Amino acid sequence: MRNAKSWRTSLIIAVIVALASALLTGLHSTHSYTASTPHSLTPSTATSTSYAGATAPELATASCHMHGLLPDPICTPGSTNPAVTQATINQTICVPGYTKTIRPPASYTDQLKAQQMTEYDFTDSIHAHEEDHLISLELGGAPSDPKNLWPEPHASPNAKDMVEDTLHTAVCNNRLSLQAAQQRIATDWTTATQGL
């Protein structure tokens, strides 16, 4: 009788360990990332670019991790400005000074940066980071959507700024579509200008 109870107890423990292992493996695989894997971009559903009170929206609690120089693709997947399309680039992003008209104020981005610094577990100075649009405003990125903003290490200007300028020029000169430029920079900004 004791052996039967012992055997059942061992079986139950083995099943629990197997289930826990499968659960942990599943959680890990949902957060894995390959820089070359394109991901779908969505237009921002954030409210308009009015910043009454400049209160940063709350983000879902997340554990965000840098992938080399890239932001976490789950915490910061990038999102686009629905007002900027291929058909409207000559009235929006290709007009000099356009981004100044939609850039969120520092009171908004500073508060959001402090919140995201905690989520990314950055412990250095807040001044060592730029609250950056993953898809830049000059490429039709959403201005205020937290999914498109992240506390990029290194102050501005930096290497990503040159990538944004190169892609912007290619889009406005009709050498690259807006959607292709957005996809390139959201997937891996470090390789986004290859082939241009």
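Can Q86 be described as surrounded by fewer than 16 Cβ atoms within 10 Å (Cβ to Cβ), at negative phi, polar (S, T, N, Q) and touching a residue at least 40 places away in the same chain (Cβ under 8 Å)? In short, yes. If you go through region 148-172 and keep only what is polar (S, T, N, Q), closer than 16 Å to E131 by Cα and more than 17 Å from the chain's Cα centre (by Cα), you end up with S156, N158. Of the listed requirements (1) open to solvent by 50 Å² or more (accessible area, probe 1.4 Å); (2) modelled with pLDDT of 95 or more; (3) outside any loop (DSSP other than H, G, I, E, B), P96 misses just one: (3). Looking at region 131-150, which of its residues are part of a strand (DSSP E or B) and farther than 15 Å from W189 by Cα? Listed by number, the list holds a single entry, E131. All of (1) in contact with a Leu (Cβ under 9 Å, 6 or more places away or on another chain); (2) at pLDDT below 65; (3) among the charged types (D, E, K, R) hold for E58 with one exception: (1). Sub-7 Å Cβ pairs linking a first residue in region 140-162 that is more than 14 Å from I126 (Cβ to Cβ) to a second residue that is open to solvent by 30 Å² or more (accessible area, probe 1.4 Å) and at pLDDT below 90, at least 6 apart or interchain, are A142/A46; P143/T49; S144/A46; S144/T49; D145/A46; P146/P57; P146/L59, ordered by first then second residue. Screening the candidates A186, A170, A180 for the property of being open to solvent by less than 50 Å² (accessible area, probe 1.4 Å) and free of Cβ contacts under 8 Å to residues at least 24 places away in the same chain yields one hit, A180. Only one of the numbered conditions (1) more than 17 Å from the chain's Cα centre (by Cα); (2) open to solvent by less than 10 Å² (accessible area, probe 1.4 Å) is not met by R175, and that is (2).
Quick one: count up the residues across region 121-161 that are buried (at least 24 other Cβ atoms within 10 Å of the Cβ) and of a type in the set (F, W, Y). Residues in region 121-161 being buried (at least 24 other Cβ atoms within 10 Å of the Cβ) and of a type in the set (F, W, Y): 1 in total. Within region 164-196, the set of residues being under 21 Å from G68 (Cβ atoms) and of a type in the set (D, E) comprises E164, D188.
The values are calculated or read from the model by the stated rules, or taken from the named source; none is laboratory data. Just so it is clear, the structure is predicted and the values come from calculations on it, not from any experiment. In this analysis, Cβ positions are derived from the backbone assuming ideal geometry, glycine residues included, and neighbour counts consider all displayed protein chains. With ligands, DNA and RNA removed, areas are computed over all heavy atoms of the protein, side chains included. Shrake-Rupley method; radii C 1.70, N 1.55, O 1.52, S 1.80 Å.
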